[in-house]
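Participant: So that we are looking at the same thing, I have put the structure below in structure tokens.
Each reported figure results from applying straightforward, stated rules to the coordinates on display, with no laboratory input. It should be emphasised that the depicted structure is a prediction, and the values quoted were computed from it without experimental measurement. Don't worry about glycine lacking a Cβ; one is built from the backbone with ideal geometry, like all the others, and counts go over all protein chains shown.
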Amino acid sequence: MSTIEKLLDGNKAWVERVKNKQPDFFEEQAKGQNPDFLWIGCADSRVPSNVVADVQPGELFVHRNIANIVSPTDLNVQSVLQYAVMVLEVEHIVICGHYGCGGVGAAMGDETEGVIDQWLEPLRSIYNDHRAELEHMGSEQERYDRFCELNVIEQVAHLSESRFVRQAWKEGRELSVHGLIYSLETGLLKNLEVSVSGT
Ligand code: CO
């Protein structure tokens, strides 16, 4: 069984490793953040953004929730978006889904419990919008994989319609929205090639 000491000891060891490599790392971090990327991913413990993209603290502004959903009525994701786009002026927004996503899987099934069921509601709409394609997939696994991809693609579309992204484009700013999907089996990120830039 793990205890909280596991995390505190891990933290001390990490600080030592970082300082050995770059003595002024934390001094520099304390000066402020200037990330080029906003990463919106799933809360799944197996898809830690900085680890899978192999980037240092300070490089990604991150928002994660169950099934990487960008909802126009979610104050959490919308304020992250406002801050990242309008204040930090990130140049890229990445929606990163993953195959085998439990939230996506739950939305393919009958019912989930309580608040999670409400949270997953947008996924059920996506499923319905793509029902013909999804229900013609060769196997259950292919249907699940494709639904995970379609969720990312739809969230990219939601983002490119969001008011902060539109405003940045109106101001002529460099800002692109990208859709990636992570494979738990290979550790690789795949670009779904649905990137959108200013119009
Ligand atoms: Co997930």
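Participant: Aspartates and glutamates near Lys19 by alpha-carbon distance under 14 Å, same-chain residues fewer than 8 away left out - which ones?
Facilitator: Partners within reach: Glu27, Glu28.
Participant: Nearest 5 percent is fine: what portion of the DSSP beta bridges confined to the chain is antiparallel?
Facilitator: Details: 4 of 22 bridges.
Counting DSSP beta bridges with both partners in the chain, the antiparallel share is about 20 percent.
Participant: Per the helix-only calculation at 222 nm, which mean residue ellipticity applies to the chain, given -39500 (n - 2.57) for every DSSP H run of n ≥ 4 and division by its residues, nearest 500 deg cm²/dmol? All intermediate terms of the calculation are to be shown ahead of the outcome.
Facilitator: On the way: 10 runs with 91 residues, N = 199.
My calculation for the chain gives -13000 deg cm²/dmol from helical runs alone.
Participant: Shifting gears a bit: Please list, in chain and number order, the residues 5+ apart from Lys190 or on another chain whose amide H is under 5 Å from its amide H, with Hs placed from the backbone.
Facilitator: Under 5 Å from the amide H of Lys190 lie the amide H atoms of Ile181, Tyr182, Ser183, each far enough along the sequence or on another chain.
Participant: Here is a follow-up. Hey, what's the Cα Rg ratio for the stretch 57-121 versus the globular rule of thumb, 2.2 N^0.38 Å?
Facilitator: Values: Rg = 13.9 Å, N = 65, 2.2 N^0.38 = 10.7 Å.
It is 1.29.
Participant: Which value in Å is the Kirkwood Rh of the stretch 124-199 over different Cα pairs? List each step's numbers first, then the result.
Facilitator: Numbers: mean 1/r = 0.0719 Å⁻¹.
Across the stretch 124-199, the inverse of the average 1/r is 13.9 Å.
Participant: Can you tell me which of 167-180, 56-69, 120-133, 18-31 comes out highest on packing, and rank the rest after it, using the mean Cβ neighbours within 10 Å?
Facilitator: Working: 167-180: 16.9, 56-69: 19.5, 120-133: 14.6, 18-31: 10.5.
The peptides rank, most packed first, as 56-69, 167-180, 120-133, 18-31.
Participant: Based on the alpha-carbon gyration tensor of the chain and its eigenvalue square roots a ≥ b ≥ c, which shape applies: rounded if a/c is under 1.5, prolate if not and a/b is larger than b/c, or oblate?
Facilitator: Numbers: a/c = 2.00, a/b = 1.31, b/c = 1.52.
Oblate, since a/c reaches 1.5 and b/c is not below a/b.
Participant: Here's something else I'd like to know. Along each of its three principal axes, how wide is the spread of alpha-carbon positions in the stretch 1-97, in whole angstrom units, largest first?
Facilitator: Taking the Cα atoms of the stretch 1-97, the three principal extents are 42, 37, 21 Å.
Participant: Could you let me know the centre-to-centre spacing of the stretch 121-138 and the stretch 1-19, using Cα atoms, in angstrom?
Facilitator: Cα centres, the stretch 121-138 to the stretch 1-19: 43 Å.
Participant: Here is a follow-up. Given Cα pairs under 8 Å that are at least 6 residues apart, what percent is the relative contact order of the stretch 121-199? Don't skip to the answer; put the middle values down first.
Facilitator: Numbers: 74 pairs, mean separation 18.6, N = 79.
After rounding, I find 24 percent.
Participant: Taking 7 Å along the Cα-to-C-beta vector as the label spot, tell me the Val18-Gln56 distance in nanometres, rounded to one decimal.
Facilitator: The two pseudo-label positions are separated by 1.0 nm.
Participant: What are the lysines whose alpha-carbon lies under 29 Å from the alpha-carbon of Lys12, with same-chain residues fewer than 8 places away excluded?
Facilitator: Partners within reach: Lys21, Lys31.
Participant: Could you give the distance between the Cα centres of the stretch 89-107 and the stretch 161-194, to the whole Å?
Facilitator: Each part's Cα centre sits 10 Å from the other's.
Participant: Now a separate question. At Arg124 and Glu161, where each label point lies 7 Å from the Cα along Cα→Cβ, what is the point-to-point distance in nanometres?
Facilitator: So the two model labels end up 2.0 nm from each other.
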